[in-house]
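These notes concern the structure reproduced below.
The values are calculated or read from the model by the stated rules, or taken from the named source; none is laboratory data. Nothing here was measured: the structure is a model prediction, and the numbers come from that model. Using ideal geometry, Cβ is built from the backbone for each residue, glycine included, and neighbour counts are taken over all protein chains shown.
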Amino acid sequence: MSASRSDEVTRLLHRAREGDAEAFDALFEVVYGELRKLARSVRRSSGSETLNTTALVHEAYVKLTPSRALDWTDRKHFFGVAARAMRQVLVNAAERRSAIKRGGGQVPVSFDEALHGSVRSADSVLALDAALSDLDAANPRQARVVEYRFFAGLSVEETAAALEVSEATVKRDWRFARAWLADRIDGGT
């Protein structure tokens, strides 16, 4: 995204926060393409079987709409929140799917497999979400690194800026979180 477009997103975010009812809708139009790209990435990495890209973007938008009053600081913060909304939409869809088939077809999946896009079951989405929730309880910053890098697709540099930490910290947190999640998912503990 160009600097001017990034500035436009930030301006729209601030207008929406100040109560401009049309700013959030205008923001959605400006970032729709990026949200679709993010949704494709999230679907590919999490193996969503139930939602197409358009449905994921629109469901995430519905989740974001009530939080118009959220104090989004900039584009990166917005996309971090959007990635979390997409994660929640995918988890909800996986829970519904899993409830339908209760225990059938469970396949163990590692976090490394999830990173390479080979996760294909609702159960694996739920396992990743549960492990990430556990990581969030143990180390919230490392969980944010995973959300920003894995779900939002932010680079190390963008993640460092969004979290206001050094790039070395992001790299260290990313390595630790990947190992921790892989152990949690593979070990089932």
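This table checks each residue for (1) over 17 Å from the mean Cα position of the chain (by Cα); (2) modelled with pLDDT under 80; (3) surrounded by 20 or more Cβ atoms within 10 Å (Cβ to Cβ).
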site: THR73; (1), (2), (3): yes, yes, no
site: ARG87; (1), (2), (3): no, no, yes
site: ALA94; (1), (2), (3): no, yes, yes
site: ARG97; (1), (2), (3): yes, yes, no
site: ARG102; (1), (2), (3): yes, yes, no
site: ARG141; (1), (2), (3): no, no, no
site: VAL165; (1), (2), (3): yes, no, no
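Return a yes/no flag: does the stretch 180-189 have any residue that is assigned to a loop (DSSP other than H, G, I, E, B) and either surrounded by 19 or more Cβ atoms within 10 Å (Cβ to Cβ) or modelled with pLDDT of 80 or more (or both). No, the conditions are met nowhere in the stretch 180-189. Cβ separations smaller than 9 Å between residues 6+ apart or across chains give the following pairs from the stretch 139-161 residues that are assigned to a loop (DSSP other than H, G, I, E, B) to residues that are modelled with pLDDT of 90 or more: ASN139/ASP173; ASN139/PHE176; ASN139/ALA177; ASN139/TRP180.
For LEU35, indicate whether it is closer than 16 Å to TYR148 by Cα, crowded, with 20+ Cβ neighbours inside 10 Å, modelled with pLDDT of 80 or more and of a type in the set (A, V, I, L, M, F, W, C).
Yes, satisfied.
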